[in-house]
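Q: The structure is given below, and queries will be raised subsequently.
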Amino acid sequence: MANKILLVEDDVTLLEMLEYNLLRQGYEVQKTDNGRTALKLAREEHPDLIVLDVMLPGMDGFDVCRILRQEMNVPILMLTARADEIDKIVGLEVGADDYLTKPFSMRELLARVKAMLRRVALIREDLSVEQQADEGKTAVDKAALLTFGDLVIDQNRREVLLAGKPVRLKPKEFELLLFLVRHHGIALSRDLILERVWGWSFDGNSRTVDVHVRWLREKIEADPANAQRIVTVRGIGYRFDG
């Protein structure tokens, strides 16, 4: 079954060009040039990925992304005509998984779409394994649980519990936390974290890592200003101490 992509772009020429190239790659494509219509289509059609422009009539891309992130975990690739770092950070803060600055090459966009969908496929494979093992509550289920005091991370379900209560994490926050805990006690540089969690094609900088670490601390630390779990290693990056 072909992956379903929702295109949201108010430049009609670019919208049609994106649609043409994605269809040639075998994807199923739906499109709109309006933010509010994008919300309606996403809720009705449950796309596998959304390509979302920032400047839209009806509702801008930041607001669309913020609302969708509260409702679903669909990967979102944001498009922006401005190269200002603040726009990129805002996009990440409202829940975007990646972004491209216009003008961009179609080859780069297709590569990023493919990489993001590959990650979705891997997550689905994990969920499939979890569903098969769920009947007998086998050792695979137990191995999927990472426990650090009152912090429990379920790798299969992509869920986090703190003192028995669910912690709502964005997809990238979960991936970052999982990368840190899998390297428990090891100091990891910002560049290494950026490469392994966001991928080699991501053109952001270490500021992205700092922002996501701050969000995680606010959600899993008793005192975010005096973090005990995700510790800053001066001059290097971060270390997870549990």
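Q: Just checking, does the stretch 38-47 include any residue being at pLDDT 90 or above, under 16 Å from the mean Cα position of the chain (by Cα) and surrounded by 15 or more Cβ atoms within 10 Å (Cβ to Cβ)?
A: yes
Q: Please go through the stretch 89-111 and give me each residue that is assigned to a helix (DSSP H, G or I) and at pLDDT 90 or above, ordered by number. Spell out how you get there, then give the answer.
A: Residues of the stretch 89-111 that are assigned to a helix (DSSP H, G or I), as a first pass: 89-93, 106-111.
Listed by number, the residues that qualify are M106, R107, E108, L109, L110, A111.
Q: Let me ask you something else. Output the number of the condition that P171 fails; it satisfies all remaining conditions of (1) surrounded by fewer than 16 Cβ atoms within 10 Å (Cβ to Cβ); (2) modelled with pLDDT of 85 or more; (3) closer than 30 Å to K114 by Cβ; (4) not hydroxyl-bearing (S, T, Y).
A: (1)
Q: Considering only residues of the stretch 67-88 that are modelled with pLDDT of 90 or more and in a helix (DSSP H, G or I), which is surrounded by the fewest Cβ atoms within 10 Å (Cβ to Cβ)?
A: Ranking the qualifying residues of the stretch 67-88, first place goes to I67.
The values are calculated or read from the model by the stated rules, or taken from the named source; none is laboratory data. Given the structure is predicted, the values throughout are model-derived calculations rather than measurements. FYI the Cβ positions are ideal-geometry reconstructions off the backbone, even for glycines, and counts take in every protein chain you see.
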